[in-house]
Amino acid sequence: MLILLGAAKRFLRFLDVGPEEVRRVGLMFCLFFFLLAANSVLKILRDSVFLAHHSVTELPYLYLSVAFLSGVIIAAYTRYTARAPIYQLIVASNAFIFSNTILFWFLRTFFDAGWLHYAFYIWSAMVGAITITQSWTFASELFDLPEATRFYGIFTAGGTLGGAAGAFGVKWAVLPFVETNQLFWFAAAFIAAACGVAFLARKERRAAAAETPKASKNPKDVAEKNSFHLLRGSRYLQVIAGMIFVSVVVSTLIDFQFKAAVKASYPTEKVLTDFFSTYYTWLYGVTFLAQVVLTRKFLAVLGVIPSLLLTPAVLGMGSTGIMVWPGLFTATATRMADVALRTSIHRSGMEILYIPVTAEVKRRLKTFLDVVVERLGDATAGFIILVYTAVWRKSDVTEVHFICIGLILVWIFLASLMRSGFLRAPATELEPRTLSHPK
């Protein structure tokens, strides 16, 4: 017992977690673990079901549909939930998602129509983005800037372990004994666990809030502004929105090329489910290594902006590789690098950029940026694919890597703007404790 306690203390020192921080860090770790585990299972389901029954050329219409519905749903979400405690939103959202998951199982078991595949794909894309965004908002209320630099890598690592656990469980513990459709129950179990963790963390939120200075001198003025007004008044937030938009367009184009290559190699639902469970297991394993080995070192030693430049640089090399050597291997490797870096170093760096923004602005704007702007990026990517198909009819529709390279250069330029120091948010949008611009 003493040996275990000593090992635990050494491990906490390695992670730089103090005794008074263990509970908060542990709860957030578990929350991300269960949410990403559920998201992993849902991704395996949506990708294998849709690609088994539909052509890859239908994916652009999905991207457009997700963007349109996200705008409608998030408009209502931000209007009616702006003042609600974040932990209550997380509990309520996951309870609703749990019931939806069971409903999709029922519909697919007894009424497996083509429209249901579209509905499930769109639904899973939106709920995954909303729940993860809510969790990062919760984390930003629990931890200040120095703590975020130390702990955000741990939270992303927790999510990655959860994603790996979900994919590994599908591959080895569930799929050999049940049909693909039974994975809905597996996802529902993880969602229920995330609800429980959010409920346990409610007191931690209140304790942290009591130690945090008031975010704005005039919260009424902030509350009266919508997301577009807030963006229009801050160049800092505009550049963040631009980075999110361009990075998602690039990521979606890479995802399209990847799924086209998979569809060409694996035609049936069973083999697609087996492939995607293997892929996501390896993906989350690689991502976990990136988070543990690289995230904290890049953020602590190099700073936020150099860390944010890593992902577009790697994806530029991957897109060049697809252009030179097209096929399943290069498409899979590039997509794996995209997801691994975006959910480790890039995600942690982007979340730190939100730390100087006041709680009122963050609550109203962050969901808009992380869901609506991201889905708008998906729609733009879908539109690019449709236009490419219409203009260059004789070309392979998956040869959009040329566009990816151009967008990656724009991405690098926007990230570089954050370093220049000329971006300043209005005084009402920055916390008094902000001392310097992220380097």
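The values are calculated or read from the model by the stated rules, or taken from the named source; none is laboratory data. This structure is a prediction, so every number in the text was calculated from the model and none was measured. Backbone-built Cβ (ideal geometry, glycine too); neighbour counts: all protein chains shown. Please note that ligands, DNA and RNA were not included when accessible areas were found on the heavy atoms of the full protein model with its side chains. Shrake-Rupley method; radii C 1.70, N 1.55, O 1.52, S 1.80 Å.
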Of the numbered conditions (1) out of contact with any Pro (no Cβ under 7 Å at 6 or more places or on another chain); (2) within 22 Å of residue 418 (Cβ to Cβ), residue 305 fails exactly one; give the number of that condition.
(1)
Qualifying residues in region 92-104 (those that are of a type in the set (A, V, I, L, M, F, W, C) and surrounded by 19 or more Cβ atoms within 10 Å (Cβ to Cβ)) - the one farthest from residue 119 (Cα to Cα):
98
Can you tell me which residues in region 134-186 are in a helix (DSSP H, G or I), within 27 Å of residue 273 (Cα to Cα) and among the β-branched types (Val, Ile, Thr)?
156, 160, 170, 174, 180
Identify, from the list 118, 77, 87, the residue that is closer than 26 Å to residue 190 by Cβ, in contact (Cβ under 8 Å) with a residue 24 or more places away in the chain and surrounded by 20 or more Cβ atoms within 10 Å (Cβ to Cβ).
87
Consider residue 202 carefully, then state whether it is open to solvent by 10 Å² or more (accessible area, probe 1.4 Å), at pLDDT 60 or above and in contact with a Pro (Cβ under 8 Å, 6 or more places away or on another chain).
yes
Take residue 262 and decide whether it is open to solvent by less than 20 Å² (accessible area, probe 1.4 Å) and more than 18 Å from the chain's Cα centre (by Cα).
yes
If we keep only residues of region 342-359 that are open to solvent by 20 Å² or more (accessible area, probe 1.4 Å) and part of a helix (DSSP H, G or I), then the residue modelled with the lowest pLDDT is 359
For residues in region 33-52 being open to solvent by less than 10 Å² (accessible area, probe 1.4 Å) and of a type outside the set (A, V, I, L, M), which is nearest to residue 181 (Cα to Cα)?
48
Are any of the residues in region 65-78 over 29 Å from residue 299 (Cα atoms), within 21 Å of the chain's Cα centre (by Cα) and modelled with pLDDT of 90 or more?
no
Looking at residue 189, is it at pLDDT 90 or above and open to solvent by 50 Å² or more (accessible area, probe 1.4 Å)?
yes
Can you tell me how many residues within region 53-74 are small (Gly, Ala, Ser), in contact with a helix residue (DSSP H, G or I) (Cβ under 7 Å, 6 or more places away or on another chain) and surrounded by fewer than 21 Cβ atoms within 10 Å (Cβ to Cβ)?
2
Listed residues 319, 307, 277; which is within 22 Å of residue 133 (Cβ to Cβ), in a helix (DSSP H, G or I) and touching a helix residue (DSSP H, G or I) at 6+ places or on another chain (Cβ under 7 Å)?
307
So for region 268-287 (the condition being surrounded by 18 or more Cβ atoms within 10 Å (Cβ to Cβ), within 15 Å of residue 335 (Cα to Cα), at pLDDT 90 or above and over 20 Å from the mean Cα position of the chain (by Cα)), does at least one residue qualify?
yes
So residue 362, is it at pLDDT below 85, more than 19 Å from the chain's Cα centre (by Cα) and either assigned to a helix (DSSP H, G or I) or among the polar types (S, T, N, Q) (or both)
no
